[in-house]
Amino acid sequence: MNDTFQLDGASVPFAPGQTVMQAALAAGHYIPHLCYHPEFKPHGSCKLCTVKIGNHTAASCTMPAEAGLEIESDIEELNALRRTLVQMLFAEGNHFCPSCEKSGNCVLQALGYDLEVHTAGFRHMYPDRPLDASHPEILLDFNRCVLCELCVRASGEVDGKSVFALAGRGITKHLIVNSASGLLKDTNIALTDKAMEVCPVGVILKKRVGFSKPIGERRYDQRPISAQALDDAPRTPTGAKHE
Amino acid sequence: MSDNAGSNTAHLETILGCHDHDPGKLLQILREIQEQYGHISPDAITRIASQLAIPRARAESVASFYSFLHIKPDGAYRVLFSDNITDRMLGSEELMRRMCQQLWVEPGKVSEDGLVSINTTSCTGMCDQGPAMLVNGRAITRLTHQRVQEIGHLIRNRTPLADWPADFFRVDDNIRRKGLLLDNKLAPGDALRAALTLGAANIVEAIKASGLRGRGGAGFPTGLKWEACRNAAGITKHVVCNADEGEPGTFKDRVLLTSYADLVFEGMTLAALAVGAQQGYLYLRGEYRYLLEPLQAILQRRRDKNLLGEKILGQPEFDFDIAIHLGAGAYICGEESALIESLEGKRGVPRNRPPFPVTHGYMQQPTALDNVETFCQAALAIQMGAEKYKAIGTTKSTGSKLISVSGDCPRPGIYEYPFGVSVRDVLQDCGAANTRAVQISGPSGICIAEGEFGRKLGFEDLPTAGAFMVFDDSRDMFEVARNFVHFFAHESCGFCTPCRVGTSMLKQTMDKIAAGHGTSHDLNEVENLDRVLQTSSHCGLGRTACNPVLHTLKHFRPAYENRLKSLDFEPAFDLDGALARARQMTGRDDTGAHLNTEET
Ligand SMILES: Cc1cc2nc3c(=O)[nH]c(=O)nc-3n(C[C@H](O)[C@H](O)[C@H](O)COP(=O)(O)O)c2cc1C
Ligand code: SF4
Ligand code: SF4
Ligand code: FES
């Protein structure tokens, strides 16, 4: 018999070693997330997945599941927090969605819609982040980076290349590539790399494939991210079926 | 002195060799290269990475994390003015302005001839003898206009730092009040012998019984921590001493390491005995670089006396030694898990917890990590016995506490009291008059105002890591808070969204209010940011970053409101401000060069 915890009143089974996020998704319960990806070790940096356990808050993607926990997630207080975090991420970078190739497939944008972020909320910071178009096949538009380190993890752990890393500290933290010139063309990145697939926003782009699928027919145009994420989640056999 | 670029590669090879080409020593390697060459060139980064067999991007990523490491050429003389509020209150801003004028350099930039750069840095831990600065990493205290001018001349004449007047580098202990720690009469080895007669398990019991709690701020019971580490699975264990002392206004660990280092090492050694550790590390903040050689000499003396090394004091299975790691300018490395990351040669980013360091610390092995003062107190508690120790202080805060007093008072320095002393008593002892507020335990702590001076230092009421900054009635508490907000924004490691973005937004908002463009809307935004920082930040830095504003707003709201415009909303984009650069370039500042946006 599996142990369970309570999530917004529903009983969620879990296997030993699972985090709250893993168990919840496997059982068909959505908790908003950005830096978490089912194929990688949890990172715990975006904090969109913050949940409440009594008076205390924690990132559910890194929190080990424990029997008997009473967890709140889909409550106004936390959704307001998540809206502010999304606003912060928008304000920190330069996101001009209408001209972005990732529009409609972008996790940040989809979270914005799903959480009903209707206003900018903060003064935008307009950082100066030049593009890297040096590579013949790949474009890096740093303006949109949300520093989730998924590309760093994918390139290091899956591709075994470490093409990407984060440099700097605090608000000046930024993505760098593994070359003395600082340019992508001088790295050993390949189109087939896992790192090419994982960026939740529009930083790492294949050149010359712009807008092959029209806006309106893209991933999160079809179904909101809260539904998509559940379709994508690995299910444990014990997990309750979704829908 | 910097000899340009990494052209001289022989040194680089020597440094790499000294560290066995160990990627875990990356930070120490980078730090030594910085010290040798004045900056870490792209070439040097490439060479280090290839020699250590790590991706280049990783070496760059570590080098760019720490404030004292420069990956771009910097001045041959790198001047950093300590920028704590206490330095400012002693006139540091004006000193810096004048020095910039004297040497023809803009703050934050390198002079055209590459001779000098002048900038600010977070509190250097010299608040009782400020204003202070670092020149090429060396601390200089008691700055005056005359001293700064002399320094300017020495720099212009390219006088090597070694030939500067020794008095510039004098750092005083300023011990004003002694108690059981500062008055101890222990000889090296005394507490260790007492510990050996007790035996490992009984040391843990004695520390538990003494009621000793961590002196680094959080007040975790030391005995419980050591017990957990002792019981943790694994043969290889570590003891780490946290000498990062980055909290602005705190300088008691500096004094302990200057004049009581034997006691610190003695405490670490008996901790090793208690938990079963073989290796110890002292993580020393980069600002205290000048203490490295004296501390190493003391370690050697202890080895010579068989108080460190193999078979300590003749005990067949008691092997333990201590190495010193230097930080490189990052407050976050005082947070225990970030410190461990930094010890491993990485960026100082706090880990996800659980697991905790007692089971998965340095190299994922069990680690007992404590503050400098905690180790001293532990040695004293073992020497005195738990019962006698427990009788000092209060029920939940046993023993004594070192307080670092600075700010508006005639006798700043180190004061040792049994826990439970009132703020008023400390103020009286340091001679403070007309006190408006006291910042307890630094920017991340608590700001209290006059009505509360009866409150007591201790975990029951006012927990403290030791900082005690005094502000008299001439001080503007808004500016105090703004200084602290800048500190947090500068020191945020940038890992998590709320703190990385939130501290910067807070800084922008405080600057907007300071510039006279604030509205009540901005005060609401501060309160919103606080909620977000408190509920979702990854570590204590983000969770406490709003405290200075919230506490000063609570006590000194008029200091904010007097600066607000009566408007509810004020556009963030300042048209006239946008012209400032053009004015600077054209050298104009007449009315025609300003947009008149004020409705006066
Ligand atoms: C941002 C931050 C900075 C810290 N800086 C220090 C420090 O400089 N020195 C210190 O001893 N503890 C510091 N701490 C507390 C440590 O994480 C840890 O609790 C302490 O070193 C444990 O030792 P203790 O139990 O002896 O107090 C800091 C914590 C945070 C969140
Ligand atoms: S480039 Fe994309 S995947 Fe990489 S850190 Fe930035 S947002 Fe994340
Ligand atoms: S709270 Fe701040 S310092 Fe702590 S992990 Fe987050 S960004 Fe880093
Ligand atoms: S999804 Fe949990 S912190 Fe990002």
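Identification of strands (runs of 3 or more DSSP E) wholly contained in the range B:52-143 with 3 or more residues that are among the polar types (S, T, N, Q) and not assigned by TED's automatic domain parsing to the domain that holds B:CYS447 yields B:116-121. Does at least one position in the range B:337-346 carry a residue that is within 16 Å of ligand 2 (Cβ to nearest atom) and either assigned to a loop (DSSP other than H, G, I, E, B) or outside the structural domain of B:THR497 (by TED's automatic domain parsing) (or both)? Checked against the condition, which is being within 16 Å of ligand 2 (Cβ to nearest atom) and either assigned to a loop (DSSP other than H, G, I, E, B) or outside the structural domain of B:THR497 (by TED's automatic domain parsing) (or both), the range B:337-346 yields no hits at all. Taking (1) within 11 Å of chain B (Cβ to nearest Cβ); (2) among the basic types (Lys, Arg); (3) surrounded by fewer than 17 Cβ atoms within 10 Å (Cβ to Cβ) in turn, A:ARG169 satisfies each apart from (3).
Among the residues of the range B:337-349, those identified as open to solvent by 10 Å² or more (accessible area, probe 1.4 Å), closer than 14 Å to B:CYS493 by Cα and touching a residue at least 12 places away in the same chain (Cβ under 8 Å) are B:LYS346, B:ARG347, B:VAL349.
Residue count for the range B:47-76, restricted to those that are of a type in the set (Phe, Trp, Tyr) and surrounded by 24 or more Cβ atoms within 10 Å (Cβ to Cβ): 1.
Of all residues in the range B:297-310, those being surrounded by 13 or more Cβ atoms within 10 Å (Cβ to Cβ) and of a type in the set (S, T, N, Q) number 1.
Residue by residue, here is whether (1) assigned to a helix (DSSP H, G or I); (2) more than 10 Å from chain B (Cβ to nearest Cβ); (3) β-branched (Val, Ile, Thr) holds:
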site: A:ALA165; (1), (2), (3): no, no, no
site: A:SER181; (1), (2), (3): no, no, no
site: A:LYS185; (1), (2), (3): yes, yes, no
site: A:ILE189; (1), (2), (3): no, yes, yes
site: A:VAL201; (1), (2), (3): no, yes, yes
site: A:GLY210; (1), (2), (3): no, yes, no
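Within the range B:269-284, the residues that satisfy the criterion of being open to solvent by less than 40 Å² (accessible area, probe 1.4 Å), more than 17 Å from B:SER259 (Cα to Cα) and touching a helix residue (DSSP H, G or I) at 6+ places or on another chain (Cβ under 8 Å) are B:THR269, B:LEU270, B:ALA271, B:LEU273, B:ALA274, B:VAL275, B:GLY276, B:ALA277, B:GLY280, B:TYR281, B:TYR283.
Within the bounds of the range B:360-377, is there any residue that is in contact with a strand residue (DSSP E or B) (Cβ under 7 Å, 6 or more places away or on another chain) and either open to solvent by 40 Å² or more (accessible area, probe 1.4 Å) or not assigned by TED's automatic domain parsing to the domain that holds B:GLY267 (or both)? Yes, that holds for at least one residue.
Out of B:PRO350, B:PRO355, B:PRO443, one residue alone is away from ligand 1 (no atom under 14 Å from the Cβ) and not charged (D, E, K, R). It is B:PRO355. Of all residues in the range A:49-70, those satisfying the criterion of being more than 14 Å from ligand 3 (Cβ to nearest atom) and within 15 Å of B:SER536 (Cα to Cα) are A:CYS49, A:VAL51, A:LYS52, A:ILE53, A:GLY54, A:ASN55, A:HIS56, A:SER60, A:CYS61, A:MET63. Only one of the numbered conditions (1) open to solvent by 30 Å² or more (accessible area, probe 1.4 Å); (2) modelled with pLDDT of 95 or more; (3) away from chain A (no Cβ under 14 Å) is violated by B:GLU112, and that is (2). Only one residue in B:GLY219, B:GLY199, B:GLY234 is among the small types (Gly, Ala, Ser) and either touching a Ser or Thr at 6+ places or on another chain (Cβ under 6 Å) or without any contact (Cβ under 8 Å) to a residue 24 or more places away in the chain (or both). Which one? Being among the small types (Gly, Ala, Ser) and either touching a Ser or Thr at 6+ places or on another chain (Cβ under 6 Å) or without any contact (Cβ under 8 Å) to a residue 24 or more places away in the chain (or both) holds for just one of B:GLY219, B:GLY199, B:GLY234, which is B:GLY199. Quick check on A:ASN143: is it more than 9 Å from every other protein chain (Cβ to nearest Cβ) and assigned to a helix (DSSP H, G or I)? Yes: the conditions hold for A:ASN143.
Among the candidates B:GLN28, B:GLN36, the residue that is open to solvent by less than 20 Å² (accessible area, probe 1.4 Å) and not assigned by TED's automatic domain parsing to the domain that holds B:GLU344 is uniquely B:GLN28.
Condition check for A:PRO234 on (1) farther than 21 Å from A:ARG144 by Cα; (2) open to solvent by less than 60 Å² (accessible area, probe 1.4 Å); (3) modelled with pLDDT under 85: one failure, at (2). Here B:LEU90 clears all of (1) open to solvent by 40 Å² or more (accessible area, probe 1.4 Å); (2) touching a residue at least 60 places away in the same chain (Cβ under 8 Å); (3) of a type in the set (A, V, I, L, M, F, W, C) except the condition numbered (2).
Looking across the range A:49-72, the residues that are surrounded by 15 or more Cβ atoms within 10 Å (Cβ to Cβ) and either part of a helix (DSSP H, G or I) or more than 13 Å from chain B (Cβ to nearest Cβ) (or both) come down to A:LEU69, A:ILE71.
The values are calculated or read from the model by the stated rules, or taken from the named source; none is laboratory data. Everything numeric in this text was worked out from a predicted model, so none of it was measured. Note that we place each Cβ from the backbone using ideal geometry, even for glycine, and neighbour counts take in every protein chain shown. Heads up: the accessible areas ignore ligands, DNA and RNA and are worked out on the full protein's heavy atoms, side chains in. Shrake-Rupley method; radii C 1.70, N 1.55, O 1.52, S 1.80 Å.
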